[in-house]
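J.: Once you've had a glance at the structure underneath, I'll fire off some questions.
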Protein chains: 4
Amino acid sequence: MFFASDNTSGVPQQVLDGLARANDGFAPGYGNDPMTLALRDRIRAVFDAPQAEVFLVTTGSAANALAIASHCPPWGAVFCHELAHINVDECGAPEFFTNGAKLVPLHGAHAKLTAHTLEHALGGAGKGGVHQVQPALLSLTNLTECGTRYTMAELRALCDTAKLRDLPVHLDGARFANALVAEGCSPAEQSWQAGVDVLSLGGTKNGLLGVEAVVMFDPAQAWEFQMRRKRGGHLLSKNRYLAAQMLAWLQDDLWLRLAAHANAMAARLEDGLHKHPDAQLLFNRGGNMLFVTLPRAIHARLQAAGAQYYLWPDSAVLDGPADTPVTGRLVTSWSTTTEHVDAFLAALSTA
Amino acid sequence: MFFASDNTSGVPQQVLDGLARANDGFAPGYGNDPMTLALRDRIRAVFDAPQAEVFLVTTGSAANALAIASHCPPWGAVFCHELAHINVDECGAPEFFTNGAKLVPLHGAHAKLTAHTLEHALGGAGKGGVHQVQPALLSLTNLTECGTRYTMAELRALCDTAKLRDLPVHLDGARFANALVAEGCSPAEQSWQAGVDVLSLGGTKNGLLGVEAVVMFDPAQAWEFQMRRKRGGHLLSKNRYLAAQMLAWLQDDLWLRLAAHANAMAARLEDGLHKHPDAQLLFNRGGNMLFVTLPRAIHARLQAAGAQYYLWPDSAVLDGPADTPVTGRLVTSWSTTTEHVDAFLAALSTA
Amino acid sequence: MFFASDNTSGVPQQVLDGLARANDGFAPGYGNDPMTLALRDRIRAVFDAPQAEVFLVTTGSAANALAIASHCPPWGAVFCHELAHINVDECGAPEFFTNGAKLVPLHGAHAKLTAHTLEHALGGAGKGGVHQVQPALLSLTNLTECGTRYTMAELRALCDTAKLRDLPVHLDGARFANALVAEGCSPAEQSWQAGVDVLSLGGTKNGLLGVEAVVMFDPAQAWEFQMRRKRGGHLLSKNRYLAAQMLAWLQDDLWLRLAAHANAMAARLEDGLHKHPDAQLLFNRGGNMLFVTLPRAIHARLQAAGAQYYLWPDSAVLDGPADTPVTGRLVTSWSTTTEHVDAFLAALSTA
Amino acid sequence: MFFASDNTSGVPQQVLDGLARANDGFAPGYGNDPMTLALRDRIRAVFDAPQAEVFLVTTGSAANALAIASHCPPWGAVFCHELAHINVDECGAPEFFTNGAKLVPLHGAHAKLTAHTLEHALGGAGKGGVHQVQPALLSLTNLTECGTRYTMAELRALCDTAKLRDLPVHLDGARFANALVAEGCSPAEQSWQAGVDVLSLGGTKNGLLGVEAVVMFDPAQAWEFQMRRKRGGHLLSKNRYLAAQMLAWLQDDLWLRLAAHANAMAARLEDGLHKHPDAQLLFNRGGNMLFVTLPRAIHARLQAAGAQYYLWPDSAVLDGPADTPVTGRLVTSWSTTTEHVDAFLAALSTA
């Protein structure tokens, strides 16, 4: 009953097979190998973006921080949701890579920003001239930290608002595939066609060992990105093993099938929770994450029975009055099975 | 009618006389001169802090950023009010000097933090371990950005709360003297006795050409501070001219008299505004700053008549419906005269 | 005929098998998994260092820069050889991670420092007080950039000299295993027993997909390292796949056998080159790297025949007079075969 | 007998008078005052550079580091002489402000670079692509750290060489005026006409309390400079007091007369030293600095007699065999008198 995070899952056999295929003698280092080139072309095709540049790193924090630093000067302001991963879960990686740019945390129900909120925030921003950091970038997350999903219209409205102030848009797509299959749109629609300039395309949470692609739809910052990647220690000499993973993942839409499965498991779990008299689901499920409020004592019994998941927010604890409502975060993955879900629901029914 | 800021004022003759006295032939550079030593001893006496180390810089941003960087690692969180100067008016200087630490902006009426707010913020902070910046420092401002003032009890409560989490406390005292004479306490009471570890003691807004002293009540970080000051380009070779200004300023309590005068002018202005039917004063005046709401048209006429002051917040504008209430910020200084105040009030009465 | 770098090789089957073993359902993220713990214990045993802390990253630049930053303040000086990888091949990664510390490049024949050179450099270093960066760290490389090797006595003398100024010692061990088997000493002897405080233990060049371990023999900086690793984007969520590679590599001394094989192939190549009338070998071979001077035309013919290797230094070119002596760098790896070597020598004999 | 540095001198009365004139009531802050504007126009006229932008700071380290950071990315290489102030006496300020760019220290007799040395250094620089910092800037110093002076032809040749690789040129002109009057050329000839793009125009060593102007002949980086200045804590609110000093200094060629006097005092000192049998002068005097080798015992007696100057290099000491030749650095200033010089020479004759 592993629902702590989709990054606690392993990887599908196809990905290991991809590694084995890549392990074919010598290959040029540092991304100058045929597989890295093939992956770039594959992603260009998948995203219908023939000019895009593609760079691989091994963590989402690196992808986000490098993408942001390549689009924001040290005196820039990055507008994001206050719950965004870049703001609360990366130990200041964006500030480190940008040399001290400022994240401007914005409110928004369900971890979603609205064009109106952004417009308001941009209203006075940077108007004090040299005394203030200058608006530089909008960073969105989809799926969001609350597991909700932006509609295409919402995404476009946010990007349009940013563009009115000449801000480029970064999308943290750690769960891009989960959002994509849930929304039923194309990769292009959910990225550059909506106005996204640079995408952190997450692979790790959706079945890779540790690969994230930064897709730059506007290649103007590509050289700067490469310098930052190298001096950030994120250019792997045997880059082919990263490319091989992602090639296997894109093959025959495996990435979409993995994400669809994770979403389906979350739906099954949601159905079960709906039927429980003490469970209250928060937020509209956008993909493979659920937030459910239960009496504290039930959480305690579930976890005693072996269910693994985080309470939410971080400050929530299992100690305290049994009746107090406490929220748990449940994440499904490509490797979650119906047995896992049903075991959890069974444990809940007896908890 | 100059009420834009206390830093638009000049300097009293005694300060220029101090410079002339310092201009006496050769002297060792970089703070190794007798006047710098004398100033250190003078500040130790004034603050009743014989162990304190004292370092001079020429701007408040430098004082704040260097003080903060000497007490906060790059992965640290600095808790401050969302309106704090360090958060909104220094173009990211703290982030630059700390190499990307994170300012955590907290809410609080009248630009004041409460111990309760701080306690709540500290509750879950950094509990995610390596994923999150770690609580490192509390930074307070007194007078605040809204011109309000902390009572000794409020200061102590905040510092006590910080100390429970082993956080040192920085005080941005750009208007320390204004707060001091208004509160009627001693420099020690308003700083280290309340729990402040490092103070930015502002001189510029209270009559100096450009001198701020960083007073480290705990000298443990003194060497680090000096390295940071030097590599920040803030160690002046002819440091005696900074020390001379502040020595003249401390002589015969000049600094307190200057601040008391500024406060008295603000009080006179406040009295006049109280009598105006359309004027609404915001916040309790703590020293030499006032925030007054007037119909927009009155602001327009005042400024047309030569009154100089900023609208508040930065995004406020003079264009728009005449009746809309708009807030102006009025700051008095050591060089504001009763004639200046009365001229402003006369202009208001006819506006 | 791939002699460009040992990082152009693939990985042995045992490493892929290790990945497959790790791919066993769910596991806690971010290094809180059993394999990461097992690897730490394994490295402690291998190095006879029960207190050591071990952290994994995916590149040598990350290992070096994070290790250095955890032992050097922004105003520190890092003494290293002028040819050191950290100085010439990491695009400023150490400067980035330290927030602007200064590498002090020292001369030394064959890319080796001597205790005397270090002593001389330390003589006046930092004596200007606050005006100068302060000696903070010695960083050595073994095997060196010229493929030479420090003897145990040389290592100890350098570390002893550093310790006289209270400097900790970092060892860039990208080719640690190659040096180890050539020197015939124990891991402990070649590291902490000689005076090394923190080691970048290279795996990638010796058969891993992309894993380097930072081994901190003094764990005092371990927490700081972890914060820096996270905010540098170098903490992998699925850390087990890094640990699994290195566990497989340490199993049954595989890492030593791989390195010994690479060294043996270099020895075979060296033997062949010795016999060639136009070839002049530079430096004493320390492990798996050779530098050979040949008439330019011979290089051109070798490369036309398919031999892959770099000219040295970077500025050397194939264009120019045919007779000019030009140096080539030849690196063997665990996957170099006698056929590869003999094919190269055959090509040389006809070139 | 103060010959330690020209920054141990005071300031001429005209500069204090300038401050008094500036102390005329209220003025807009942060450089938006009439005196700052007047100074900009004055410098444009003096340098015959109507497009130049001019910004004031209070230290040479700030001027240099901000100028460099505005022309060099974090992954840039700054070519400079190994003895340059930016390389050895600013505690890493350039590395801090650039976020870790690399200074490339070049050799050169008498602290002067040659076009040939630069050309050679640029030859292979950055050719390793993403693995290496990229050539970004040439930084020269005139007068040099050895008190020598570039001829116009030498300056032009260096700038021309830099421009062939598209590198902009920074000139550290802490003693620009001393070089100017010695060379007998115009400010334009010694700066932009020779190829200098950005100049640190030193005032402090030549009679100001603490003012350096950054003169950007190409204003393209002016906005970036202002952001960096602010977040570096180097934008003074009462900027008029900096402008006033420099206006007084430029008035009636005071700055040139001060520098010419300092140079004349150095010439007088040089004449006296030439006549001493044990004194050996190093380097060709370019302005107001001398380096003289004397038996150690004579240094000891001179300093015992009250002569103040530094031994050179920093590691030189007064302890040791009496006969050993030791070098001293003697710097004259605008306030050095013939009596000071003659007293020194008298002390020398009896030492």
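J.: Just to be sure, is B:Arg285 in contact with a strand residue (DSSP E or B) (Cβ under 7 Å, 6 or more places away or on another chain) and either part of a loop (DSSP other than H, G, I, E, B) or not polar (S, T, N, Q) (or both)?
T.: Criteria not met by B:Arg285.
J.: Determine whether A:Gly207 is within 29 Å of C:Gly210 (Cα to Cα), touching a Pro at 6+ places or on another chain (Cβ under 9 Å) and within 14 Å of chain C (Cβ to nearest Cβ).
T.: So A:Gly207 fits the description; yes.
J.: Take the residues in the range D:1-22 that are in contact with a Leu (Cβ under 8 Å, 6 or more places away or on another chain) and assigned to a helix (DSSP H, G or I); name whichever of them is most open to solvent (accessible area, probe 1.4 Å).
T.: D:Gln14
J.: Just checking: which of the strands (runs of 3 or more DSSP E) contained wholly in the range A:98-184 hold 2 or more residues that are away from chain B (no Cβ under 14 Å), surrounded by fewer than 24 Cβ atoms within 10 Å (Cβ to Cβ) and in contact with a Gly (Cβ under 8 Å, 6 or more places away or on another chain)?
T.: Of the strands (runs of 3 or more DSSP E) lying wholly inside the range A:98-184, none has at least 2 residues that are away from chain B (no Cβ under 14 Å), surrounded by fewer than 24 Cβ atoms within 10 Å (Cβ to Cβ) and in contact with a Gly (Cβ under 8 Å, 6 or more places away or on another chain).
J.: So, in the range A:58-97, exactly how many residues are closer than 30 Å to C:Glu212 by Cβ, open to solvent by 10 Å² or more (accessible area, probe 1.4 Å) and more than 7 Å from every other protein chain (Cβ to nearest Cβ)?
T.: Number satisfying all stated conditions: 4.
J.: Given the condition modelled with pLDDT of 95 or more, under 15 Å from the mean Cα position of the chain (by Cα) and part of a strand (DSSP E or B), answer yes or no: does some residue in the range B:214-223 qualify?
T.: Yes, because at least one residue in the range B:214-223 is modelled with pLDDT of 95 or more, under 15 Å from the mean Cα position of the chain (by Cα) and part of a strand (DSSP E or B).
J.: Just to check your reading of the model, which residue among A:Glu212, A:Glu224 is charged (D, E, K, R), surrounded by fewer than 22 Cβ atoms within 10 Å (Cβ to Cβ) and within 14 Å of chain C (Cβ to nearest Cβ)?
T.: A:Glu224
J.: Which condition breaks for C:Leu250 when tested against (1) in a helix (DSSP H, G or I); (2) within 14 Å of chain A (Cβ to nearest Cβ); (3) in contact (Cβ under 8 Å) with a residue 12 or more places away in the chain?
T.: Exception for C:Leu250: condition (2).
J.: Still on this structure: Does A:Ala38 satisfy the criteria of being within 9 Å of A:Ala243 (Cα to Cα), open to solvent by 40 Å² or more (accessible area, probe 1.4 Å) and not in a strand (DSSP E or B)?
T.: For A:Ala38, the condition - within 9 Å of A:Ala243 (Cα to Cα), open to solvent by 40 Å² or more (accessible area, probe 1.4 Å) and not in a strand (DSSP E or B) - is met.
J.: For the range B:265-305, name all the residues that are open to solvent by 30 Å² or more (accessible area, probe 1.4 Å) and within 21 Å of B:His110 (Cα to Cα).
T.: B:Glu270, B:Asp271, B:His274, B:Gln280, B:Leu281, B:Leu282, B:Phe283, B:Asn284, B:Arg285
J.: While we're here: In the list D:Ala259, D:Ala244, D:Ala297, which residue meets the criterion of being over 22 Å from the mean Cα position of the chain (by Cα), hydrophobic (A, V, I, L, M, F, W, C) and part of a helix (DSSP H, G or I)?
T.: On inspection, the qualifying residue turns out to be D:Ala297.
J.: Could you check the range D:228-259 and list, in sequence order, the residues that are of a type in the set (A, V, I, L, M) and closer than 17 Å to D:Val11 by Cβ?
T.: D:Leu242, D:Ala243, D:Ala244, D:Met246, D:Leu247, D:Ala248, D:Leu250, D:Leu254, D:Leu256, D:Leu258, D:Ala259
J.: Does B:Gly233 satisfy the criteria of being open to solvent by 10 Å² or more (accessible area, probe 1.4 Å) and assigned by TED's automatic domain parsing to the domain that holds B:Ala62?
T.: Here the answer is no, as B:Gly233 does not meet what is asked.
J.: Looking at the range C:255-264 only, could you name the residues that are within 27 Å of C:Leu66 (Cβ to Cβ) and open to solvent by 10 Å² or more (accessible area, probe 1.4 Å)?
T.: C:Leu256, C:Leu258
J.: Among the residues of the range B:191-203, what is the count of those that are open to solvent by less than 10 Å² (accessible area, probe 1.4 Å) and either of a type in the set (Lys, Arg) or touching a strand residue (DSSP E or B) at 6+ places or on another chain (Cβ under 8 Å) (or both)?
T.: Of the residues in the range B:191-203, 8 are open to solvent by less than 10 Å² (accessible area, probe 1.4 Å) and either of a type in the set (Lys, Arg) or touching a strand residue (DSSP E or B) at 6+ places or on another chain (Cβ under 8 Å) (or both).
J.: If you go through the range B:161-171 one residue at a time, do you hit one that is within 24 Å of B:Gly207 (Cβ to Cβ) and assigned by TED's automatic domain parsing to the domain that holds B:Lys127?
T.: Checked against the condition, which is being within 24 Å of B:Gly207 (Cβ to Cβ) and assigned by TED's automatic domain parsing to the domain that holds B:Lys127, the range B:161-171 yields at least one hit.
J.: Would you confirm whether or not the range A:45-60 contains a residue that is among the small types (Gly, Ala, Ser) and in contact with a His (Cβ under 9 Å, 6 or more places away or on another chain)?
T.: Scanning the range A:45-60, I find at least one residue that is among the small types (Gly, Ala, Ser) and in contact with a His (Cβ under 9 Å, 6 or more places away or on another chain), so the answer is yes.
J.: Report whether or not B:Gly25 is crowded, with 21+ Cβ neighbours inside 10 Å and either within 14 Å of chain D (Cβ to nearest Cβ) or in contact with a strand residue (DSSP E or B) (Cβ under 8 Å, 6 or more places away or on another chain) (or both).
T.: Answer is no for this residue.
A quick yes/no check of all residues on (1) charged (D, E, K, R); (2) within 30 Å of C:Arg257 (Cβ to Cβ); (3) within 14 Å of chain D (Cβ to nearest Cβ); (4) in a loop (DSSP other than H, G, I, E, B):
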residue: C:Asp314; (1), (2), (3), (4): yes, no, yes, yes
residue: C:Leu330; (1), (2), (3), (4): no, yes, no, no
residue: C:Trp334; (1), (2), (3), (4): no, yes, no, yes
residue: C:Glu339; (1), (2), (3), (4): yes, yes, no, no
residue: C:Leu348; (1), (2), (3), (4): no, yes, no, no
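J.: Can you tell me which residues in the range D:41-53 are under 20 Å from the mean Cα position of the chain (by Cα) and either open to solvent by less than 20 Å² (accessible area, probe 1.4 Å) or within 12 Å of another protein chain (Cβ to nearest Cβ) (or both)?
T.: Answer for the range D:41-53, where residues must be under 20 Å from the mean Cα position of the chain (by Cα) and either open to solvent by less than 20 Å² (accessible area, probe 1.4 Å) or within 12 Å of another protein chain (Cβ to nearest Cβ) (or both): D:Ile43, D:Phe47, D:Ala52.
J.: So which pairs qualify, if the first residue must be in the range A:136-164 and within 15 Å of A:Gly287 (Cβ to Cβ), the second must be among the aromatic types (Phe, Trp, Tyr) and open to solvent by 10 Å² or more (accessible area, probe 1.4 Å), the Cβ gap must be under 7 Å, and the two must be at least 6 apart or on different chains?
T.: Qualifying pairs under 7 Å: A:Cys146/A:Phe283; A:Gly147/A:Phe283; A:Thr148/A:Phe283.
J.: For the structure I just gave you, tell me whether C:Arg229 is among the charged types (D, E, K, R), under 30 Å from C:Cys146 (Cβ atoms) and modelled with pLDDT of 95 or more.
T.: In short, no.
Every residue, every condition in (1) at pLDDT below 95; (2) closer than 30 Å to D:Gly210 by Cα; (3) touching a His at 6+ places or on another chain (Cβ under 8 Å), yes or no:
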{"residue": "B:Leu242", "(1), (2), (3)": "no, yes, no"}
{"residue": "B:Ala259", "(1), (2), (3)": "no, yes, no"}
{"residue": "B:Lys275", "(1), (2), (3)": "no, no, no"}
{"residue": "B:Ala279", "(1), (2), (3)": "no, no, no"}
{"residue": "B:Phe283", "(1), (2), (3)": "no, no, yes"}
{"residue": "B:Val292", "(1), (2), (3)": "no, no, no"}
{"residue": "B:Trp312", "(1), (2), (3)": "yes, no, no"}
{"residue": "B:Val317", "(1), (2), (3)": "yes, no, no"}
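The values are calculated or read from the model by the stated rules, or taken from the named source; none is laboratory data. Predicted model, so just to flag it, every value in this text is computed and none were measured. Positions of Cβ are backbone-derived with ideal geometry, glycine not excepted, and every protein chain shown enters the neighbour counts. Ligands, DNA and RNA are stripped out before the accessible areas are found, and what is left, the full protein with its side chains, is counted by its heavy atoms. Shrake-Rupley method; radii C 1.70, N 1.55, O 1.52, S 1.80 Å.
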